[in-house]
Amino acid sequence: MFGSNKENNKSSKIKSSKIDTLVGQGVEVNGDIKFQGGLHLDGVVCGNICTADDAEGTVLVISDHGRVEGDVYVAYAVINGEVIGNVYASEKLELSAKARISGNVEYNLLEMASGAEINGQMLHVVTARKLPENPMDKDEDKSQDNIHHLDESAAAKS
């Protein structure tokens, strides 16, 4: 129903392939999205995307038409579009051939098709754990510890 059969077959590999929410092609969301279950993105999100409370079983599918300009905090992600920001997949990250990520990637399991691009640092997290602290969950002032930089001068300070 959502996207091509190829995309639906990819998301069926994931434990929880039920899609509860759709952001259709031609839709632009300005602001953060917090979701439960499954989110299929064909449109554009200018803001962070994260799961509500417990990350277990949440799925984000970004089609080849989808784009996120912000950070992504999910358990499972299937990306075939563009993410301009950091991606944190606590359980599995699938990158299809047209996936383009301009930011750092933290993952537990990674499946990457030929043609997918990551322009940033990749960090393999071996143990299953909860997602990193999400700045959207806090209203208090943000510390420098949670900021991730792509430039070399910031990486040298670490």
query = Do the conditions hold for residue 111, that is, is it at pLDDT 95 or above and in a strand (DSSP E or B)?
reply = yes
Unmet criterion (only one of (1) touching a strand residue (DSSP E or B) at 6+ places or on another chain (Cβ under 8 Å); (2) of a type in the set (D, E, K, R); (3) modelled with pLDDT of 55 or more; (4) surrounded by fewer than 17 Cβ atoms within 10 Å (Cβ to Cβ)) for residue 129 = (3)
key: The one condition in (1) assigned to a loop (DSSP other than H, G, I, E, B); (2) at pLDDT 55 or above; (3) over 26 Å from residue 42 (Cα atoms); (4) of a type outside the set (Asp, Glu) that residue 123 fails to fulfil   = (1)
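For (1) touching a His at 6+ places or on another chain (Cβ under 8 Å); (2) at pLDDT below 90; (3) closer than 20 Å to residue 125 by Cα, each residue gets a yes or a no:
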{"residue": "17", "(1), (2), (3)": "no, yes, no"}
{"residue": "21", "(1), (2), (3)": "yes, yes, no"}
{"residue": "53", "(1), (2), (3)": "no, yes, no"}
{"residue": "58", "(1), (2), (3)": "no, yes, yes"}
{"residue": "75", "(1), (2), (3)": "no, no, yes"}
{"residue": "80", "(1), (2), (3)": "no, no, no"}
note = Per the filter on region 98-108, residues free of Cβ contacts under 8 Å to residues at least 40 places away in the same chain and either assigned to a strand (DSSP E or B) or surrounded by 19 or more Cβ atoms within 10 Å (Cβ to Cβ) (or both) are 99, 100, 101, 105, 106, 107, 108
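The values are calculated or read from the model by the stated rules, or taken from the named source; none is laboratory data. Because the structure is predicted, anything quoted here is derived from the model rather than measured. As a convention, Cβ positions derive from the backbone with ideal geometry for all residues, glycine included, and neighbour counts pool all protein chains shown.
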